[in-house]
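Below: one structure, written as structure tokens.
The values are calculated or read from the model by the stated rules, or taken from the named source; none is laboratory data. All values reported here derive from a predicted model rather than from experimental measurement. We place every Cβ from the backbone using ideal geometry, glycine too, and count neighbours over all the protein chains shown. Note: areas computed on protein heavy atoms with side chains; ligands, DNA, RNA excluded. Shrake-Rupley method; radii C 1.70, N 1.55, O 1.52, S 1.80 Å.
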Amino acid sequence: MGTQAPDERAGTREEAAGGTGTGRRAVLGAAVLGAGGAVLGLPGTAAAAARGKAGGRRGGGLASLPAPTVIGHRGAAGYRPEHTFGSYDLALDLGAHVVEAGDLVPTRDGHLVCRHEPEIGGTTDVADHPEFAGRRTTKTVDGTAVTGWFTEDFTLAELKTLRAVERIPANRPHNTLYNGRWEIPTFEEVLRWQDEQTRRRGRQVWIYPETKHPTYFRALGLGLEERVAKLLRRYGKDRHDSPVILQSFEPTSVQRLNRLVDNPLVVLLSDAGSRPWDFVQSGDPRTVADLVRPEGLREIASYAQGIGPTVDLVIPKTADGSLGSPSTLVRDAHAAGLILHPYTLRNENPFLPAEFRKGAAPDGYGNAFGAFQAYFAAGVDGLFTDNADTALLARETFLKGRSVNR
């Protein structure tokens, strides 16, 4: 997932996607989908009818997901180096409903691989490879100078000689135990892994890939969306009910995907004052604050099925870093027919609202359960989390509380 939140990084097939998605929202809003996919609170015939209304172009497959949905952020990144098959496997073992596999960036020879960013100095052992010392360089990515090693300067064969390492060892020193254990996966390998895991586990495995810096890569002649669409078509996963949700911080990337495939689509949203990089490049003056207004949400709903806002857009923080009052975003997005999957909840103190921290240790766990409960109570349809097991326990408590209070 994206590049713009402070804790994340210092985003027929040609017809217009009309309608408001009210059928899908009726399912997700009026019923709670249990972990096994059964609908609670609706008679069987009513549930089937609701699913039928959501079964058209605008993402009927989403109705099969439990709500609130627990999305394993880059796998189980709280416990394994992110975007590795070790992380993806563990996310499923922990019970995640969906796995964010992966953040998609290209190689020099046009393959798509899964890395948090195109710069891989912090997520691989590339610095330990003297044969690649000369590849270290400084580039401007979305207006920011970045120094390191970049996937677009390596062939896939070269990248396969590297191994993944923990990205934030100060917060997750225990994850460094697994440094060097897994290679960089390709998106095609992820698609095959999805099918294998679906067979092995006896349930449909969902993935949630993201196009990373699509404007930057298009300028390099490495357009992402066409490559994503080609692979999805090859594996028969380009339909409205395919278990693949596509996301991007750049609305024009989502619009391009909307013309190429029929998958459920989500626009990621960073802090209110930021501008998507494609807007900066095209001269569009709007900020995220404009996109989360009712009119902006209605526009997004014309080509996407959901939004992935930073959690601060759902519940803004006060000056001391604690949670304030919820915004109207959940209500407004639902009114536009959009689902909300905010990002990212983690167990460690530095990533929690102030009132849920316990001590000051950067690798210490705070009261993550309390934080999850607050966001579930705000009415979101799911959450990205590095700790799917924590989220699922909090979800269970939340659903029990709702049942008692009905």
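Points worth noting:
Let's see how each residue does on (1) under 23 Å from residue 75 (Cβ atoms); (2) of a type in the set (S, T, N, Q); (3) at pLDDT below 95:
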residue	(1), (2), (3)
206	yes, no, no
210	yes, no, no
216	no, no, no
220	no, no, no
229	no, no, no
249	yes, no, no
255	no, yes, no
260	no, no, no
267	yes, no, no
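- In the range 244-272, the residues that are of a type outside the set (D, E, K, R) and open to solvent by 20 Å² or more (accessible area, probe 1.4 Å): 252, 255, 260, 272
- Test: residue in the range 280-291 that is surrounded by fewer than 21 Cβ atoms within 10 Å (Cβ to Cβ), polar (S, T, N, Q) and closer than 24 Å to residue 153 by Cβ: yes
- Taking every residue in the range 272-290 that is farther than 17 Å from residue 141 by Cα and pairing it with any residue that is hydroxyl-bearing (Ser, Thr, Tyr), at least 6 positions away or on another chain, the pairs with Cβ-Cβ distances below 7 Å are 272/287; 273/287; 287/274; 288/270; 288/274.
- Qualifying residues in the range 143-166 (those that are part of a loop (DSSP other than H, G, I, E, B) and more than 27 Å from residue 79 (Cα to Cα)) - the one most open to solvent (accessible area, probe 1.4 Å): 143
- Subset of the range 375-406 that is open to solvent by 30 Å² or more (accessible area, probe 1.4 Å) and hydroxyl-bearing (Ser, Thr, Tyr) - its residue that is farthest from residue 321 (Cα to Cα): 403
- For residue 315, the conditions (1) touching a Phe, Trp or Tyr at 6+ places or on another chain (Cβ under 8 Å); (2) under 21 Å from residue 73 (Cα atoms); (3) open to solvent by 50 Å² or more (accessible area, probe 1.4 Å); (4) not polar (S, T, N, Q) all hold with the exception of (3).
- Matching residues, the range 87-111, being closer than 13 Å to residue 190 by Cα and open to solvent by 10 Å² or more (accessible area, probe 1.4 Å): 89, 111
- Condition broken by residue 138, with the remaining ones in (1) within 29 Å of residue 395 (Cβ to Cβ); (2) open to solvent by 10 Å² or more (accessible area, probe 1.4 Å); (3) in a strand (DSSP E or B); (4) not aromatic (Phe, Trp, Tyr) satisfied: (1)
Here's the yes/no breakdown for (1) open to solvent by 30 Å² or more (accessible area, probe 1.4 Å); (2) more than 22 Å from residue 99 (Cβ to Cβ); (3) within 22 Å of the chain's Cα centre (by Cα); (4) not basic (Lys, Arg):
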position	(1), (2), (3), (4)
296	no, yes, yes, yes
311	no, no, yes, yes
329	no, yes, yes, yes
333	no, yes, yes, yes
346	no, no, yes, no
358	yes, yes, no, no
365	yes, yes, no, yes
368	no, no, yes, yes
373	yes, yes, yes, yes
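- Residue within the range 167-180 that is in a strand (DSSP E or B), farther than 30 Å from residue 198 by Cα and polar (S, T, N, Q) present: no
Residue-wise test of (1) hydrophobic (A, V, I, L, M, F, W, C); (2) farther than 20 Å from residue 69 by Cβ.
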residue	(1), (2)
333	yes, no
339	yes, no
349	no, yes
366	no, yes
373	no, no
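- Residue count for the range 181-195, restricted to those that are assigned to a helix (DSSP H, G or I), among the acidic types (Asp, Glu) and in contact with a helix residue (DSSP H, G or I) (Cβ under 9 Å, 6 or more places away or on another chain): 2
- Residue 288 meets each of the listed conditions (1) touching a Phe, Trp or Tyr at 6+ places or on another chain (Cβ under 7 Å); (2) more than 30 Å from residue 204 (Cβ to Cβ) apart from (1).
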